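Below is one structure, written out as structure tokens; comments come after it.
The values are calculated or read from the model by the stated rules, or taken from the named source; none is laboratory data. Just so you know, these numbers come straight off a predicted model, no measurement behind them. Here the Cβ positions follow ideal geometry from the backbone for every residue, glycine too, while neighbour counts run over all protein chains shown.
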Amino acid sequence: MTIEEIEKLLRLPEINTFEGLRDLAIMECFYGTGMRLTELINLKLNDIYFDEDLIRVLGKGKKERIIPLGQAAKKILEKYLAIRPQYANKSVENVFVLKNGKIMYPMAIQRIIKKYLNQISNIQQKSPHTLRHSYATHLLNSGAGIRVVKDLLGHENLSTTQVYTHLSIDHLKNIYHRAHPGASETKQNKRRRS
């Protein structure tokens, strides 16, 4: 998804309702941290370190990783968590809950994401992974190193992260054409005679 599409998406939820605020917090977490669906579902209240702007997730293979928490996600999470106690069952430590107070489950989150994505995008895959994919692609397009993105996503191998680079190839080509003296005929003519 483009940055513009993401911005439209994040303006859709009605944040004056519990579900709208929760849905926005879910989308901000996916796009703002790149976490996986299971990581989001299993996120506990004590996994968010607001003072340090960090989130701890338990990834694949039970591997723990720490992810930076951006200000947009932090702000909406704080608002959501302020009203969460009115809805969540007392015994539930998971951050995201259904309106009936129970823990969110994968299909519920997938439906939420699909509902909002249907309103703004014609992309084929409308799932939480779309936001994770956009997170990685936007980081790469903005100059983040692939090894940093690999660590943020919790990938074991660099080859897994390289899947996200295909969308940034156009970005790299644009930079190359603007910056390299031999990239275009005009620049080449200025540099040397044929």
**OP:** Answer yes or no: is there a residue in the stretch 39-62 that is surrounded by fewer than 16 Cβ atoms within 10 Å (Cβ to Cβ), closer than 23 Å to N118 by Cα and modelled with pLDDT under 95.
**Re:** no
Original post:
How many residues are surrounded by fewer than 18 Cβ atoms within 10 Å (Cβ to Cβ) and in a helix (DSSP H, G or I) when one looks only at the stretch 96-110?
Top reply: 4
Subject >> Members of the stretch 10-48 that are within 15 Å of P128 (Cα to Cα) and among the aromatic types (F, W, Y) >> reply: F30, Y31
Subject >> Top-ranked residue of the stretch 1-28 - restricted to ones that are at pLDDT 95 or above and closer than 16 Å to S127 by Cβ, ranked as surrounded by the most Cβ atoms within 10 Å (Cβ to Cβ) >> reply: I26
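Residue by residue, here is whether (1) more than 22 Å from M1 (Cα to Cα); (2) not in a helix (DSSP H, G or I) holds:
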{"position": "Y31", "(1), (2)": "no, no"}
{"position": "G61", "(1), (2)": "yes, no"}
{"position": "I67", "(1), (2)": "no, yes"}
{"position": "I112", "(1), (2)": "no, no"}
{"position": "N118", "(1), (2)": "no, no"}
{"position": "T130", "(1), (2)": "no, no"}
{"position": "H133", "(1), (2)": "no, no"}
Original post:
Within the set of pairs 6 or more residues apart or between chains, which connect a residue that is touching a residue at least 12 places away in the same chain (Cβ under 8 Å) and part of a helix (DSSP H, G or I) inside the stretch 8-28 to a residue that is surrounded by 15 or more Cβ atoms within 10 Å (Cβ to Cβ) and acidic (D, E) with Cβ atoms less than 9 Å apart?
Top reply: L10/E28
Original post:
Taking interchain pairs and intrachain pairs at least six residues apart, which have beta carbon atoms under 6 angstrom, with the first residue in the stretch 136-156 and at positive phi and the second among the basic types (K, R)?
Top reply: G154/R65
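Within the stretch 135-143, does at least one residue satisfy the condition of being in contact with a Phe, Trp or Tyr (Cβ under 7 Å, 6 or more places away or on another chain) and either more than 23 Å from Y176 (Cβ to Cβ) or not in a helix (DSSP H, G or I) (or both)? Give the steps one after another, and end with the answer.
Here is the first cut: in the stretch 135-143, the ones in contact with a Phe, Trp or Tyr (Cβ under 7 Å, 6 or more places away or on another chain) are 135-137, 140.
Subsequent filtering for residues that are either more than 23 Å from Y176 (Cβ to Cβ) or not in a helix (DSSP H, G or I) (or both) retains 135.
Yes; the residues of the stretch 135-143 include at least one that is in contact with a Phe, Trp or Tyr (Cβ under 7 Å, 6 or more places away or on another chain) and either more than 23 Å from Y176 (Cβ to Cβ) or not in a helix (DSSP H, G or I) (or both).
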Original post:
Restricting to the stretch 7-57, what's the tally of residues that are over 22 Å from V92 (Cβ atoms) and touching a Phe, Trp or Tyr at 6+ places or on another chain (Cβ under 6 Å)?
Top reply: 4
**OP:** Return the residue satisfying two criteria in turn: it lies in the stretch 75-95 and is in contact with a strand residue (DSSP E or B) (Cβ under 9 Å, 6 or more places away or on another chain) and more than 11 Å from L21 (Cα to Cα), and of such residues it is surrounded by the most Cβ atoms within 10 Å (Cβ to Cβ).
**Re:** V95
Original post:
Taking interchain pairs and intrachain pairs at least six residues apart, which have beta carbon atoms under 6 angstrom, with the first residue in the stretch 106-132 and among the charged types (D, E, K, R) and the second part of a helix (DSSP H, G or I) and surrounded by fewer than 16 Cβ atoms within 10 Å (Cβ to Cβ)?
Top reply: K126/K114
